[in-house]
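Take a look at the structure set out below.
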Amino acid sequence: AMRYAILKHIYSVLLRLGHRGTFLKPLFFEFPAEERLYYRPIVDEQFMLGSSLLVIPALSLGVRELVGYFPKATWYDMRKWTRVVINKNSSEATVEVPFNESAPTFLRGGHTIFMQNPEKIRSTDDLSDIFTLAIALEKNPNDSSFTSSGFVAAIANYSDGHRILECEKEPRRCFVDARTEITCERGKRSQLTLAFTVPEDAKVDSFRLSGLRLLGFDCSLQSLPSNMMMNITTALSTPNRTTTSVASLSWTGKDDQILVTMLNPIIPVSYTHLTLPTIYSV
């Protein structure tokens, strides 16, 4: 299930590399200052999938948990959507390995993954143009903001060889970039802004957004109902034009997680910003 949920992310990273560099890589490629990553067992048993995902597979039969090393960053378990509790002295954590599931995969703070619903998916032809964003926020050390960024190749059919070749020749024209920023100041409103960037000469196919999963908003918020309806205002690139979509927001204090589900998927490619209603910090 995990493979199809992130398959377009994998293809997007490969296309953006443009045949330069590697996609599956040892951890020291991303964290060269951590000397321990150059040696066994870590160099043999863990790997990065792009720059955003850390994978810790079980390499022995019957293993149901193992100890993984987590480089200096904030990490989120993509099976439970919880923050990994890491031993500060050893930089290690115990990782569960459920039977008959994908290898344990962890999302890095500051990174955003465009994901899809893997149900009833048997091949790339079954993948739709509807995405949810898994947004792992990272605290800016210089102010009160949290940020995250990511990208996706907005190609309707990833089996279309001609379209893929177009993107390989001019990769920047195929991508939608997303950057999230949310502020947290005591006694002030917290406003989340999700900005999509597309080059003026871009050639992107249909792309719809059905929801957001925000992780790591480490801020004390006013008490909110566990579920609430709200309007999302999207500002078009044309001045003084806006449109409103209805969404359902689910707030949980557990693991600093906010879920937003669009009742009807929206098309954000032509929009400059998507702003959620403000909520107060306490």
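The values are calculated or read from the model by the stated rules, or taken from the named source; none is laboratory data. Quick caveat, the model's predicted, so the values are computed rather than measured. FYI the Cβ positions are ideal-geometry reconstructions off the backbone, even for glycines, and counts take in every protein chain you see. Accessible surface areas use protein heavy atoms only, side chains included; no ligands, DNA or RNA. Shrake-Rupley method; radii C 1.70, N 1.55, O 1.52, S 1.80 Å.
Of the GluC sites (Glu not before Pro) found in the stretch 84-167, the ones in coil according to DSSP and having at most 11 other Cβ atoms within 10 Å of their Cβ are GLU101, GLU119.
Legend: residue pairs LYS169/LYS203; LYS25/LYS80; LYS120/LYS203; LYS25/LYS72; LYS8/LYS139; LYS80/LYS139, Cα-Cα distance threshold 20 Å; pairs beyond threshold, LYS25/LYS80; LYS120/LYS203; LYS8/LYS139; LYS80/LYS139. Spin-label model, ASN87/LEU59: points 7 Å from Cα along the beta carbon direction are separated by 1.9 nm. Think of a 1.4 Å ball rolled over the protein heavy atoms: the stretch 63-197 then has 52 Å² of accessible area per residue. When the stretch 5-144 is described by a simple charge dipole with +1 on each Lys and Arg Cβ and -1 on each Asp and Glu Cβ, the residue from ASN87, ALA5, GLY62 located farthest towards its positive end is ASN87. Amide H to amide H distances under 5 Å link HIS111 with ALA136, SER149, where only residues 5 or more positions off or on other chains count and H is placed in the peptide plane.
Can you give the extra length, in nm with one decimal, that the chain gains between LYS120 and TYR38 once fully stretched, where that is 0.36 nm per residue apart less the Cα-Cα distance?
Between LYS120 and TYR38, full extension yields 25.5 nm more.
So, by mean Cβ neighbours within 10 angstrom, what's the order for 14-21, 209-216 with the highest one leading?
Order by mean packing, descending: 209-216, 14-21.
Each peptide in 155-162, 57-64 gets a packing score, the mean of other Cβ atoms within 10 Å over its residues, and the list from highest to lowest is 155-162, 57-64.
Count charges around LEU15 for me, please; just the other residues with Cβ under 12 Å from its Cβ, Lys/Arg as +1, Asp/Glu as -1. The partial results should precede the final answer.
Numbers: positive: LYS8, ARG16, ARG20, ARG163, LYS169, ARG172, ARG173; negative: GLU166, GLU168, GLU170.
In short, +4.
Loop-located chymotrypsin sites (Phe, Trp or Tyr not before Pro) in the stretch 97-151 (DSSP state not H, G, I, E or B) with no more than 14 neighbouring Cβ atoms inside 10 Å: PHE99. Distance between the 7 Å Cα→Cβ label points at GLU96 and THR22: 3.2 nm.
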